[in-house]
Amino acid sequence: MKVEKSIREKIERAFSPEYFELENESSKHHVPQGSESHFRVLIVSDVFDKMSRVERARKLHELLGDEFKTGMHALSERIYTSQEWGRLSDPQKLMISPNCLGGSKKKLAP
């Protein structure tokens, strides 16, 4: 929970989100039990107003640079302004991440 706690605190401090979800999805991947390597984040904050999607992602990745350096492997991110969030027809669909296919440990069909 150390990495998850750090991510949560940094995002809350930097972006003051109107709405925020963070999920450790590591257990859905082929990693040791208790890992903190795969996360899904949903952030709604007007801090991102007038930023492109690329700028938003860069800002988030810069904020979480230490976590990436110390073992976080993947981050699924959805970042919106309040206005964008209000226009979504079904925000619940954003909460679903695809299942892990096993990476190199499983042969994929051609």
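Derivation of every value follows stated rules applied to the coordinates shown; laboratory data play no part. This structure is a prediction, so every number in the text was calculated from the model and none was measured. For neighbour counting, all protein chains shown are included, and Cβ atoms are generated from backbone atoms with ideal geometry for every residue, glycine included.
One table, with the values for the structure above:
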{"quantity": "Dipole magnitude of segment 2-90 about its Cα centre (Cβ charges: Lys, Arg +1; Asp, Glu -1), debye to nearest 20", "calculated": "200"}
{"quantity": "Computed lengthening from Asp66 to Glu4, 0.36 nm per intervening residue step minus Cα-Cα distance", "calculated": "21.1 nm"}
{"quantity": "Lys/Arg +1, Asp/Glu -1 at C-beta; segment 2-90 dipole; positive extreme among Val41, Phe68, Thr81", "calculated": "Phe68"}
